[in-house]
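Trainee: Just dropping this structure here.
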Amino acid sequence: MKTLSGIIGTGLIGAFLIWFVSEYAFTSKTWSVLLSTIPARISTGSMTNSVYYILKQTHEPLFRKDDGQNYSSNLLKKWDRSVDWSRYTFCPDAELAFESGQKFSLEFFREYLLGVTKKYTAAAVVADSGNGCLSVRFPAPRVGYLAYLSSYSNAPHVNITENVESGLGKYSVTDMAKNKIVLARKKPVRDGYNKIVLYGMSAISPKEYRSLDISDYNQISSFDIPEWVRRDYFSFDNLKLKSEVLIVNTPDAELREAVYNCFDVKKFRSAFIPLKKDFHDIRTVLPLGVPGAEGGLPEQLCDNRLKRAARGRTLTFCNWSGDNRETLKAYFDEIRIRTGLNIKLVNYEPSELAALIYKKPRAYDLLVVMVSAMKSEHKDFLEAFLGANSVLDFPPAEVKMRYKKLLQEDAPQKQADLARQVAQGLANTHWLLTLYQGNDTVFYPKKINNLVVGKDFMEYPEVADFRW
């Protein structure tokens, strides 16, 4: 016969086991992601595809436009604007804090708002308006100010280390290694993912994908996605806000023109991605879905004048893909025979090339890059070529001036017109040859109960929203 103390003891042990199992389940739900490359920096100033993905989890912009029409904020207690869009009042939620302990106080918010607004225009005046709020006044209506503040590149943050920022999103970076990054949810939940692990593709074998329980394969090439994922996951066709372009990084204008016109788009992109058969044609770096974009192929004419300009010249093509070396070599041989242009093919691991892309002198004359965005914003597709950290050594001055004008424009139609002119300017000066727009199928595990098709471009999910 059990004594009372024995019954109590057994009950306590049972209760502890139930608690332990439930708490373990509560804290152990992990969303695992496979990335083409692990970024060296997690920063609003280093907007690669992988960094985009991470910032969507760790950062929170001052404003959102989740329904596509109305602005809202998770960082402000209240806000308003004048009817003519020339005055704004913002009241920060001072209870919010970064994981470093830094409060989202009025003092911090003032410094943030001064800095981010100065980048928008020097004409604004930021002042205290009382009751823990700040006002921003412009000499004329600035309709695009809230859209500017809704960009992840302008999200409030503090620097944790030289290479890692802390934002006000649902997750924080807890570990960053060469081949793996770990994010932890700041406030765990019972029916969502409390941990995100991002793996560099080159560091793990496809045989390990199941054992690592990879959830998201949408950041790697569609050709590397296992067949069982295609069979067992939900799938959605997705025309992505991504454009793939060939950078022609040489100051010789006639040589750039020769490359632009003599690199046949259809043949070259098939050589660069030999397994891909379905390409979505666009004329400039702006993909369809971004105002100012144009469908169709770039206009090309490889005439004798351009062949003479190319004959005997040599350019270095830096390649980051491992399965195209033979097809590229064959295409470059065909270019040499047809035009006399010699292309030196240099192969890199993606992580190696990512570390070199911003270093001067540039390792490349020719380089294929993919530009992408979370939202249909012109800046995200033009900044890489015309901004402070341009991947071009000699960005065209006239196009750059027009780009600066675009950044100051608020009227949507004028923005679209200017964006079209800037994108076409990069093409007309032959710095960029557009290859195609990303159009792939995205895959998600069937265990997610609240997956909404078409919500804010599925390749960059907010993992915090997912529920079992």
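Trainee: Let me spell it out: the conditions are (1) surrounded by fewer than 16 Cβ atoms within 10 Å (Cβ to Cβ); (2) in contact (Cβ under 8 Å) with a residue 40 or more places away in the chain; (3) within 19 Å of Phe466 (Cβ to Cβ), and Lys187 meets all of them except one. Which number is the exception?
Mentor: (2)
Trainee: Mind checking which residues of segment 301-324 are closer than 20 Å to Val368 by Cβ and loosely packed, with under 13 Cβ neighbours inside 10 Å? Steps first, answer last, please.
Mentor: First pass over segment 301-324, keeping only residues closer than 20 Å to Val368 by Cβ: 302, 310, 313-324.
Those that are closer than 20 Å to Val368 by Cβ and loosely packed, with under 13 Cβ neighbours inside 10 Å: Thr314, Gly322, Asp323.
Trainee: Out of Ser211, Ser235, Ser202, which single residue is of a type in the set (S, T, N, Q), assigned to a loop (DSSP other than H, G, I, E, B) and modelled with pLDDT under 95?
Mentor: Ser211
Trainee: So, one more: When only residues in segment 128-145 that are touching a Lys or Arg at 6+ places or on another chain (Cβ under 8 Å) and more than 14 Å from Pro92 (Cα to Cα) count, which is surrounded by the fewest Cβ atoms within 10 Å (Cβ to Cβ)?
Mentor: Across segment 128-145, the extreme among qualifying residues is Arg137.
Trainee: Of Ser151, Ser172, Ser205, which residue is surrounded by fewer than 22 Cβ atoms within 10 Å (Cβ to Cβ) and over 19 Å from the mean Cα position of the chain (by Cα)? Please lay out each step first, then the result.
Mentor: Working: Ser151 fails: over 19 Å from the mean Cα position of the chain (by Cα); Ser172 fails: over 19 Å from the mean Cα position of the chain (by Cα).
Result: Ser205 is the single residue among Ser151, Ser172, Ser205 that is surrounded by fewer than 22 Cβ atoms within 10 Å (Cβ to Cβ) and over 19 Å from the mean Cα position of the chain (by Cα).
Trainee: Can Gln102 be described as exposed (fewer than 15 other Cβ atoms within 10 Å of the Cβ) and in contact (Cβ under 8 Å) with a residue 40 or more places away in the chain?
Mentor: So Gln102 passes the test.
Trainee: Sticking with this one: Would you please name the residue that is farthest from Pro251 (Cα to Cα), looking only at residues in segment 295-336 that are touching a residue at least 24 places away in the same chain (Cβ under 8 Å) and small (Gly, Ala, Ser)?
Mentor: So, considering only residues that are touching a residue at least 24 places away in the same chain (Cβ under 8 Å) and small (Gly, Ala, Ser), the one farthest from Pro251 (Cα to Cα) is Gly322.
Trainee: So how many residues does segment 391-420 have that are polar (S, T, N, Q) and buried (at least 17 other Cβ atoms within 10 Å of the Cβ)?
Mentor: Of all residues in segment 391-420, those polar (S, T, N, Q) come to 408, 413, 415.
Within this subset, residues satisfying the condition of being buried (at least 17 other Cβ atoms within 10 Å of the Cβ) are 415.
Total satisfying the criteria: 1.
Trainee: Tell me, yes or no, whether segment 433-440 has at least one residue that is in contact with an Asp or Glu (Cβ under 7 Å, 6 or more places away or on another chain), hydrophobic (A, V, I, L, M, F, W, C) and not in a loop (DSSP other than H, G, I, E, B).
Mentor: For segment 433-440, residues in contact with an Asp or Glu (Cβ under 7 Å, 6 or more places away or on another chain), hydrophobic (A, V, I, L, M, F, W, C) and not in a loop (DSSP other than H, G, I, E, B): present.
Trainee: Continuing with this model, one more query. Of all residues in segment 124-161, count the ones that are in contact (Cβ under 8 Å) with a residue 24 or more places away in the chain, in a loop (DSSP other than H, G, I, E, B) and within 30 Å of Ser36 (Cβ to Cβ).
Mentor: Of the residues in segment 124-161, 6 are in contact (Cβ under 8 Å) with a residue 24 or more places away in the chain, in a loop (DSSP other than H, G, I, E, B) and within 30 Å of Ser36 (Cβ to Cβ).
Trainee: Something else: Tell me whether segment 251-270 contains one or more residues that are out of contact with any helix residue (DSSP H, G or I) (no Cβ under 8 Å at 6 or more places or on another chain), surrounded by 14 or more Cβ atoms within 10 Å (Cβ to Cβ) and assigned to a strand (DSSP E or B).
Mentor: Looking through segment 251-270, none of the residues is out of contact with any helix residue (DSSP H, G or I) (no Cβ under 8 Å at 6 or more places or on another chain), surrounded by 14 or more Cβ atoms within 10 Å (Cβ to Cβ) and assigned to a strand (DSSP E or B).
The values are calculated or read from the model by the stated rules, or taken from the named source; none is laboratory data. Since this is a predicted model, take the numbers as computed values, not measurements. So basically every Cβ, Gly included, is an ideal-geometry build from the backbone, and we count neighbours across all protein chains shown.
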